Every structure is written in structure tokens, then in C-alpha cells.
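K.L.:
If you scroll down you'll find the structure; I have some questions about it.
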Amino acid sequence: MSVVILVGGQWGDEGKGKVIDLCADDVQMVVRSQGGNNAGHTVVTQGKQFAFHLIPSGILFPQTKCVIGHGVVVDPRAFLQELEAIRSEGVDVRNLVISDRAHMVMPYHPVLDKLSEQQLGDDRLGTTWRGIGPAYEDKVRRIGFRIGDLQKPVFLKKKLRFVLRLKNEALTRLYNSEPFDEQAILDEYLEYASRLEPYIKDIYPIVQTALGRGDKILLEGAQGAMLDVDLGTYPYVTSSAPTAGGACTGSGIPPSKITKTVGVFKAYTTRVGYGPFPTELTDTFGDKIRERGHEYGTTTGRARRVGWFDACVGRYSVNTNGINAIVLTKVDVLDEVDKIKVCTGYRSKGEEWSHPMANISHLKHCEPIYEELAGWNSSTTDCTTYDELPLNCRAYIAALEESCGARVDVVSVGPDRAQTLVRAPLV
Ligand code: GDP
Ligand code: IMO
Ligand code: MG
């Protein structure tokens, strides 16, 4: 049996989609366990590019069961759009299921997300405006709607009357915005109910049967450790738990069944949205990396902030997730860099730190301590084995392994499925 959690090790967009796609042929099930359509997971295969937001990145393999777990917040409108888009590409989606326990993003959630950001002004988080924070807020406040509620129209109507009163009060009084119409939401969501019906399932027996059979299961994380609501750079985080613990609660797979935790890291760092980023490069060199790496958001198209690899983040991520295998992506983006820096510590208020501190103001203003390594100045994109990588590139990878405390088992040297160097299998 092999039950593998795959998490983003940094601030998201590490290339998780590519890695899930790479492994999906070898597993029987892929489960998305948290986040929503704030995620954007890119898969490039045979010259075609797919961007998945809610649908697990294993969907391109028709024999692999793809599960949207109950820890995910599902916007039915976005889900159906994504489903139609991939079906029109000829993708077989019959093996896709959504947990009836997953919460829904309701029409007022994205509106409240945007209004709350506008009200925060300079203190805004830079959310994706997909309503993810407000949807999780309602879940925890116990006034959320679950996918399974779509199958209970009388309950849906009664609950909506109660919840919408609260939402409209906030919209009109707090934000001076337009209220939502109860009947319009009901009509819209009951239409979704019939279209979603074939996919809605109680995933408990599905997941337990797979575990009982000894199937290989891959848990697809969204976002990254530093965006975790508990472990990340709070409040500049998302509203779910993208770390390994969240994968268990969001799927119903217990920690004792997990056989491996894979952390996906970029060979440098990026971040979308606001919040501390000690190794950020705000100069023309940063612009060069952004262009070479096409660092523009898959979901919102925003330019990603770019910086050196931060091994304090790396080690923190390895230790808090229990990562025992690293996938290092976008190594090719550093192919033309003379000297590469790795942050191994922070200096803040006369103290040295080896991990990100909770005080985000200190993290924002800390001075990164760098180790400098020689670049390799040659192309890695056509390498087909690890040993073909230039010596300095392998030395860089060894330095990251040493400073993060985990082995790099897979190296990615381009967006395509084929541009992957496997030192040890992930699943
Ligand atoms: P995710 O959210 O972690 O799945 O990552 P995204 O898909 O948002 O962003 C990663 C981007 O990098 C995508 O455009 C991928 O196609 C691309 N990518 C993945 N691995 C590599 C790589 O090794 N080299 C290059 N140049 N691009 C890559
Ligand atoms: P994937 O799965 C990168 C960021 C947003 C913002 C913060 C909160 O593609 O790696 P939210 O809309 O979640 O309330 O926004 O989190 N964010 C991501 N950044 N990759 C993602 O997903 C992200 N999902 C959310 O930019 O800073
Ligand atoms: Mg992404």
C-alpha cells in the first residue's frame, strides 16, 4: 500500500499539478483535500496545457479515480465551467466524484471577499477574490452549505432564508453594497443540483474501500505550507490547512495510513499576493527570473513576486509536514545565473533565526543571511537523467538537500511531463 501526501513547500505554485499528473498513472486514486478554485494547477502534456482549479490533476488518466474531498470548498459554477472545458478537450470525467460533505462557495462569498479586501486598503491580503476565506469562515461558523444540501431543497430554502439575512445585513450595512435575492440563489443552485448529481457521493466508503484494497492513493495538496492558516505567514495566508495534517482531515484518511509525504519546491521562491517574503528580489534580476519562469498566476494572471530559495522556509516546511521526499521544480529557470544565493538564516532585532518567526513584522523586516553558490550556466532542459545535470547544478541540489533536511528524489527541468528526472519513484 502506498498513500502519499503531496504538499507545496513554499507559497504555492511550486509545480504540484505537473507532479500529480506525473504520478497519476501509477495510482488508483487522487484526492484533493483542501482549498478551492483559488488553486491553479498546470499540466503540460504532448503540447497541450491544462489549468485545473478544482478538479484533481489526475483527471487526464481515465482509470484513476479522482475525488474532491470534504475539506475542499467547491464553487459549483466554477466547477461546472471547468468540467465543461476539459470535457470539450475530450477528457473522460466519469471517474470523478465530489464529497457530499464538501462545503460550497455561495454567490455572496466572492463579493464579500472582494469588499473585505477593499475595506482593508493597504493592509489587504491580495486574495484571489474567489470567496475562499468567506466560505471557510461560514463552515467554521456552522452556517455553511454543503454539496449534499443540494439534494435537500426544502432544507436549502429554510437555511438560506436564515443565512441570507445575515449576509445581506453585512452587505448593505457594513459595505453599502447590493443585497442578494433568495429566490435567484435557490433557482441557480437547484439547477446546479441536477447537473452535479452524477458526481455527488459519500466518499467515506469509496476511500475506505480503496484503503482496504491496498490501492495506491495520492493526496493532492493545493497552495503551500507558508499559506497554511496555522503554520504560514498569518494573516497573509489562505483559510485552509495546505500542510500534511490538512490532507488527512480533508480526505478522511488517517495519519497512520500515510506512507510518504512529498514536498514540491521551486528551485527559487515565488509568492502571489501580499505578506512577508524575506528573500524577495525587487530588482531587474528578479524581473529576469519572472520572465524566464513565466511567473504569472494560473488563476488570476497576477505577476508573481520572485526571490531566492529560502532554506529557513524549506526546513520549516520539511519538519512541519514530515516531508521525506522533495521534488525540485523549475531548475531550468536558473540555467543562466552566474551566482545563486540560498537563504540559510534571518537576522532580526540582534538575533539570528533559522526558521520563519511568528511575528510577521519581524519577518518582513529581517535581513536574510545568504550562502552563495556558483551557477552552472548551461541548459538543463534536455537532460534525461540526474547524472546528466551539470556538476554545479547537482552541487546546488545537494546544498538544498543538506539545508532542508530531505532528499531530492525528482528534479523538474521544464513544464512538460517528459522533462522530469526521477532518482527514486514517488509512489
Ligand atoms: P501549482 O499550483 O503548484 O500546480 O503550480 P502552477 O501550475 O500554478 O505553476 C507552476 C508553473 O510552472 C506552471 O506553468 C508549470 O507548467 C510550470 N512548470 C512546472 N515545472 C516546471 C519546470 O520544471 N520548469 C519550467 N520552466 N516550468 C515548470
Ligand atoms: P496553488 O494551489 C499561490 C494566495 C493568494 C493570497 C492568499 C489568500 O495554485 O499553489 P485566498 O484567495 O486563498 O483567500 O488568498 O493565498 N493563494 C495562492 N498563491 N498559489 C495558490 O494555489 C494560491 N491560493 C491562494 O494569492 O495571497
Ligand atoms: Mg498554482
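K.L.:
Using the structure shown, list the pairs from Lys48/Lys216; Lys16/Lys139; Lys167/Lys266; Lys65/Lys157; Lys216/Lys364; Lys18/Lys167 with a Cα-Cα distance above 30 Å, or answer none.
P.N.:
Lys167/Lys266; Lys65/Lys157; Lys216/Lys364; Lys18/Lys167
K.L.:
Moving on. Taking +1 at the Cβ of each Lys and Arg and -1 at the Cβ of each Asp and Glu, which of Thr209, Gly69, Gln34 sits farthest along the dipole of the chain towards its positive end, judged by Cα position relative to the Cα centre?
P.N.:
Thr209
K.L.:
Something else about it: Grab the other residues whose beta carbon is less than 13 angstrom from that of Gln49, score K and R as +1, D and E as -1, and report the net.
P.N.:
Overall, the nearby charge balance is 0.
K.L.:
Mean-square fluctuation check for the chain, GNM, Cα pairs under 10 Å: which of Lys48, Lys159, Lys216 is largest?
P.N.:
Evaluated over the chain, the most mobile residue of the options is Lys48.
K.L.:
Here's another thing I want to ask about it. Using a Gaussian network for the chain with springs between C-alpha atoms less than 10 Å apart, which of these wobbles most: Pro76, Pro242, Pro390?
P.N.:
Result for the chain, Cα springs under 10 Å: Pro390 fluctuates most.
K.L.:
Need one number for the stretch 27-137: average projected area of the convex hull over its C-alpha atoms, nm².
P.N.:
The Cα convex hull of the stretch 27-137, projected and averaged over all directions, gives 7.8 nm².
K.L.:
Please work out the ratio of the alpha-carbon Rg of the stretch 264-422 to 2.2 N^0.38 Å and round it to two decimals.
P.N.:
Working it through for the stretch 264-422, the quotient is 1.02.
K.L.:
For His365, what is the net charge nearby, where nearby means another residue's Cβ is under 14 Å from its Cβ and Lys, Arg count +1, Asp, Glu -1?
P.N.:
Neighbourhood net charge equals 0.
K.L.:
Evaluate the charge dipole of the stretch 104-196 about its Cα centre and quote only its size in Debye, nearest 20, assuming +1 on the Cβ of each Lys and Arg and -1 on the Cβ of each Asp and Glu.
P.N.:
520
K.L.:
Now, a different point. Can you find, among Met1, Val229, Ala170, the residue sitting farthest towards the positive end of the charge dipole of the chain, where Lys and Arg contribute +1 and Asp and Glu -1 at Cβ?
P.N.:
Ala170
K.L.:
So which residue, out of Gln46, Gln119, Gln183, gets the largest mean-square fluctuation from a GNM of the chain using Cα contacts under 10 Å as springs?
P.N.:
With Cα springs under 10 Å in the chain, the top fluctuation among Gln46, Gln119, Gln183 is at Gln46.
K.L.:
For Lys341, list the aspartates and glutamates whose Cα falls under 12 Å from its own Cα; do not include residues on the same chain fewer than 8 positions away.
P.N.:
Hits, sequence-local ones excluded: Glu280, Asp310, Glu371, Glu372.
K.L.:
Okay, moving on. In square angstrom, what is the accessible area per residue of the stretch 104-196 with a 1.4 angstrom probe?
P.N.:
56
K.L.:
What's log10 of I(q)/I(0) for the stretch 94-226 at q = 0.14 Å⁻¹, Debye sum over Cα points only, no solvent?
P.N.:
-0.77
K.L.:
Using the Cα centre as the reference, give the magnitude of the dipole from point charges on the C-beta atoms of the stretch 264-422 (Lys, Arg: +1; Asp, Glu: -1; all else neutral), rounded to the nearest 20 debye.
P.N.:
620
K.L.:
Find which of Pro276, Ala395, Ser379 sits farthest along the positive direction of the dipole of the chain, computed with +1 on the beta-carbon of Lys and Arg, -1 on that of Asp and Glu, about the Cα centre.
P.N.:
Highest projection toward the positive end goes to Pro276.
K.L.:
Hey, what did the chain get for relative contact order, percent, Cα under 8 Å, at least 6 apart?
P.N.:
Computed value for the chain: 21 percent relative contact order.
K.L.:
Where the only charges are on Cβ atoms (+1 Lys, Arg; -1 Asp, Glu), what is the dipole of the chain about its Cα centre, to the nearest 20 debye?
P.N.:
1280
K.L.:
Here's a follow-up. To the nearest µm²/s, what D does Stokes-Einstein give for the chain at 25 °C and 0.890 mPa s, using the Kirkwood radius over alpha carbon pairs as Rh?
P.N.:
So the translational diffusion coefficient is about 111 µm²/s.
The values are calculated or read from the model by the stated rules, or taken from the named source; none is laboratory data. If you're wondering where the values come from, they're calculated on a predicted model, not measured in any experiment. Note that we place each Cβ from the backbone using ideal geometry, even for glycine, and neighbour counts take in every protein chain shown. Quick note on the areas: whole protein, heavy atoms, side chains included, nothing else; ligands and nucleic acids left out. Shrake-Rupley method; radii C 1.70, N 1.55, O 1.52, S 1.80 Å.
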